[in-house]
Amino acid sequence: MARRGNHEVNPTAGSLLGFLTYGTMTGWDLDGLVELSIGNFWNVTRSQIYRELRDLAGRGLVEVGDPGPRDRTPYTITDAGREAFGGWIASDPGADLTRSRLLLTVFFGDKLPPGRLTEILDDARRAHATRLKVYEGLLPHVETSSAYQAATLKFGIAYQRAMLDWIDGVASAL
């Protein structure tokens, strides 16, 4: 976790502060943005969003506005929140951690009934191919709005292609 201005910020809180640098948002708004963007590579649940927002408010990193329609509460980043976000985003991100249920399944694939791993790999291939098409369709739009977000999306495209190649290799080897 990054420390700046005596505020520790974990990656989930840091990402929420990052979104709030664009303007005031509700938890509902943030959940939608996470789903459409970083949710493709960073797992954040709705309950985590609301828990982090309460914590950020309690630490003075965001201000809580008056609830609006459907009891949706707006959050605005404070100067202390901007400082904490700046420290977090500028810090070394550390080593990546790969978590893949598919890799666990293949690792223990010899414990599956005959043919089941092939079914799982076929399903995974379809899912990765679908996501690849979505990412490739988004790229022209994202490239016109943000080189940084386009770079992230290009990683997603390369990852999906690599997964498809890997799945094909595993399927043929087994």
So what's the angle, to the nearest 10 degrees on a 0 to 90 scale, between helix 46-58 and the longest Cα principal axis of the chain?
30 degrees
Taking 8 Å as the Cα distance limit and 6 or more residues as the minimum spacing, I'd like the relative contact order of the range 2-90 as a percentage.
44 percent
Proxy reagent accessibility, fewest Cβ within 10 Å first, across 55, 123:
123, 55
Largest fluctuation, 98, 45, 21 only, Gaussian network model of the chain with Cα springs under 10 angstrom, belongs to 98
With angles folded into 0 to 90 degrees, how steeply does helix 116-145 sit against the dominant principal axis of the chain? Use alpha carbons for both and round to 10.
40 degrees
Of 97, 36, 20, the one that fluctuates the most in a GNM where the chain has Cα springs shorter than 10 Å:
97
Length-normalised contact order for the range 101-173 - Cα pairs under 8 Å, 6+ apart - percent:
35 percent
With +1 on the Cβ of every Lys and Arg and -1 on the Cβ of every Asp and Glu, the dipole magnitude of the chain about its Cα centre, in debye rounded to the nearest 20, is 260 debye
Please rank 100, 91, fewest neighbouring Cβ atoms within 10 Å first, as an exposure proxy.
100, 91
Using the crude model of +1 on Lys and Arg Cβ and -1 on Asp and Glu Cβ, and no other charge, please compute the dipole size for the range 2-90 relative to its Cα centre, in debye to 20.
160 debye
Distance in nm between residue 134 and residue 43 label points, each 7 Å along Cα→Cβ, equals 1.7 nm
Using +1 at the C-beta of Lys and Arg and -1 at the C-beta of Asp and Glu, which of 137, 115, 36 has the Cα lying farthest in the positive direction of the dipole of the chain?
115
Using only the alpha carbons of the range 30-70, determine the length spanned along each of the three principal axes and report them from longest to shortest in whole angstroms.
30, 25, 14
Name the residue, out of 73, 144, 24, whose mean-square fluctuation peaks in a Gaussian network model built on the chain with Cα pairs under 10 Å.
144
Correct option for Rg and Dmax of the Cα atoms in Å [calculated from the coordinates] among (i) 21.3, 70; (ii) 19.7, 59; (iii) 17.8, 60:
(ii)
Helix 79-90 versus the longest principal axis of the chain: what is the Cα-based angle in degrees, 0 to 90, to the nearest 10?
30 degrees
Can you give the extra length, in nm with one decimal, that the chain gains between residue 70 and residue 119 once fully stretched, where that is 0.36 nm per residue apart less the Cα-Cα distance?
13.3 nm
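A short reminder: the numbers here are calculations on the coordinates, not readings from a lab. The structure presented is a predicted model; accordingly, all values stated were derived computationally and were not measured. Cβ atoms come from the backbone with ideal geometry, glycine included; neighbour counts cover every protein chain shown.
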